[in-house]
Amino acid sequence: GTLCPQWPYCRKRCSYCNFNKYVVPAVDEAAMRACLVREARTLLRLSQVQSVTSVFFGGGPPSLASPCTVAAVLEAIAGTAHLPAGAEVTLEANPSSASPPRLDGFRAAGINRLSIGVQSLDDAELQLLGREHTAAEARGAVEVARGLFPGRTSIDLIFGLPGQSQSAWARGLEAALGLCDDHVSLYQLTLERGTALAAQVSGGNLPAPPQDLLADMYQTACTMLVAAGFRHYEVSNFARKGALSTHNLSYWRAEQYIGVGPGAHGRFVPRGEGGCRREARVQTLEPDAWMREVQTRGHGTRRRVVLSPLEQLEEVLALGLRTDEGVTHERWGRFSPHLSLEAVFGAPGEAAELQQQGWLVLDGGGLRCRREGLALLDSLLPGLLCQLQRG
């Protein structure tokens with residue numbers, strides 16, 4: 001299983017962000033730390049996960065927490081379950097909270113991989129996104145990180161900004177390729193309701209990027225990254241020299257994961273209370289309320305839903321098809337012992353048509369998208385889910 005601790009606080013809210021983040025004048029970090037530790041212990045016991053294969057510190061970003069908080073959570077995990085020496089332990093960091101002594105402190109605390117929210121290397125674009133850092137600071141942060149975590153520093157980039165041209169995006173990506181380590185995550189900007197950027201676009205102050213331009217930007221990026229030696233191993237993720245993220249892969253392979261902290265999501269079987277079915281869990285969003293719940297009952301789970309066998313298969317399919325390996329027969333069989341991939345998708349229907357059209361492959365390896373199909377996954381999935389529901 002994997003563990004995902006969430007840090008809920010941020011210094012400011014970016015113009016495109018609708019995550020569960022809180023900008024507060026002062027954070028009681030000792031209380032937050034104690035609650036993260038307690039909830040991690042409680043949920044690990046509840047899940048009876050024997051070994052934690054990866055840990056991903058995400059959220060507000062957690063580079064605003066102090067290294068001793070990270071160390072305390074990792075100690076709690078290692079004291080409750082097995083945390084192998086080589087387990088991938090990632091921290092999300094913003095360039096503005098990535099000074100050398102700070103990153104060195106995180107490394108000493110047990111972090112061995114960094115994911116840096118660069119987003120853009122253009123100052124005007126960073127301003128539009130409401131980011132705290134400049135392009136120069138982003139470059140500096142990546143250089144420092146690569147010195148401390150060589151081969152294990154990932155950068156995030158955003159495309160599809162209002163008014164961004166295809167050539168500006170290609171230039172930005174070229175600059176990022178000169179700077180990056182062996183892992184890159186690309187995200188299309190989504191205009192989420194309630195964000196400052198969405199309001200500017202809907203108010204007519206900024207142009208919404210046309211759909212075909214977005215598709216071209218994505219294709220351009222895929223082509224450039226693959227030409228630079230990156231494996232396009234998931235819709236949004238690229239790695240070279242085998243630097244795939246274990247944590248990301250285990251998520252797309254529908255393995256169990258435990259979300260810890262305000263607003264965290266999880267998927268696991270609560271064997272510790274006699275459960276035998278996988279549950280979707282969401283922790284309480286608001287940090288103070290979450291802390292009170294953890295202090296009184298050991299965890300702040302706000303919602304738990306038992307997933308039906310069909311819902312589990314829908315997740316296995318939707319997540320697995322995002323990767324270049326797709327859904328293997330072995331993994332499908334773990335969730336569907338009585339109905340094989342062949343039985344569901346080998347019959348005449350949507351999957352067969354998508355195979356004929358060259359978007360999809362079903363063979364000895366399993367079911368997967370062809371490279372061209374990955375970009376269209378959102379439009380391919382509904383038909384496949386219908387076929388699964390009928391099967």
* **the range 16-81: equivalent-ellipsoid semi-axes (sqrt of 5 x gyration tensor eigenvalues, Cα, Å)** => 23, 14, 11
* **Relative contact order for the range 270-373, counting Cα pairs under 8 Å that sit 6 or more residues apart, in percent** => 20 percent
* **Helix-only [θ]222 nm of the chain, DSSP H runs n ≥ 4, -39500 (n - 2.57) each, per residue, nearest 500** => -13000 deg cm²/dmol
* Using unit Cβ charges (K, R positive; D, E negative) and no other charged atoms, how large, in debye to the nearest 20, is the dipole of the chain about its Cα centre? -> 1020 debye
* To do: Any chance you could list P(r) for the chain, counting all Cα-Cα pairs in 10 angstrom bins from zero, rounded to whole %?
  => 5, 21, 30, 29, 14, 1, 0
* Mind running the shape call on the range 309-390? Use the C-alpha gyration tensor, a ≥ b ≥ c as the square roots of the eigenvalues: rounded below 1.5 for a/c, prolate if a/b tops b/c, oblate otherwise. => rounded
* **Top positive-direction residue, dipole computed over the range 272-391 with Cβ charges, set HIS299, LEU381, VAL316** => HIS299
* Structure fact -> If R0 = 45 Å, then ALA228 and LEU310, at their Cβ-Cβ distance, give a FRET efficiency to the nearest 0.05 of 0.65
* Out of ALA221, VAL49, GLN356, whose Cα points farthest toward the positive end of the dipole of the chain (charges: +1 Lys, Arg; -1 Asp, Glu; placed on Cβ)? -> VAL49
* Structure fact -> Of the residues TYR251, ALA31, PHE106, the Cα lying farthest along the dipole of the chain towards its positive end, which is defined by charges on the beta carbon of Lys, Arg, Asp and Glu, belongs to ALA31
* Scaled to the compact-protein estimate 2.2 N^0.38 Å, what is the alpha-carbon radius of gyration of the range 142-276, rounded to two decimal places? -> 1.29
* Dipole size in debye (nearest 20) for the range 309-390 around its Cα centre, Lys and Arg Cβ +1, Asp and Glu Cβ -1? -> 60 debye
* Cut-off under 5 Å, modelled amide H: who pairs with LEU285 long-range -> GLY263
* Over the chain, give the accessible area per residue in Å² for a 1.4 Å probe, as an integer. => 43 Å²
* Under a Cβ-Cβ limit of 4.7 Å, which cysteines in the chain have nobody to pair with? -> CYS4, CYS10, CYS35, CYS68, CYS180, CYS222, CYS276, CYS369, CYS386
* Asked: Under 20 Å from a point 7 Å along the Cα-to-Cβ line of ARG13: which residues of the range 263-284 have their amide N that close?
  -> 263-265, 283-284
* Asked: So, with a 1.4 angstrom probe, what is the percent of accessible area on the range 41-89 that is carbon and sulfur?
  -> 55 percent
* Asked: So how much accessible area does LEU206 have, in Å² to the nearest 10, using a 1.4 Å probe?
  -> 40 Å²
* **Rel. contact order, % - alpha carbon contacts under 8 angstrom, at least six apart, the chain** => 16 percent
* To do: Starting from the Kirkwood radius over alpha-carbon pairs of the range 1-110, derive D by Stokes-Einstein at 20 °C in a medium of 1.002 mPa s and give it in µm² s⁻¹.
  => 148 µm²/s
* Computed E for GLN50/ASP288 - FRET, C-beta separation, R0 56 angstrom, nearest 0.05 -> 0.95
* Structure fact -> Rounded to the nearest 5, the percent of antiparallel DSSP beta bridges in the chain equals 45 percent
* Structure fact -> Computed ³J(HN,Hα) along the range 272-277: with the Karplus parameters 6.51/-1.76/1.60, θ = phi - 60°, integer Hz and x for glycine or proline, the list is x, 10, x, x, 10, 10
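The values are calculated or read from the model by the stated rules, or taken from the named source; none is laboratory data. All values derive from a computational prediction rather than experimental measurement. Ideal geometry is used to build each Cβ from the backbone, glycine not excepted, and the neighbour counts take in all protein chains shown. For accessibility, only protein heavy atoms count, side chains too; no ligands or nucleic acids. Shrake-Rupley method; radii C 1.70, N 1.55, O 1.52, S 1.80 Å.
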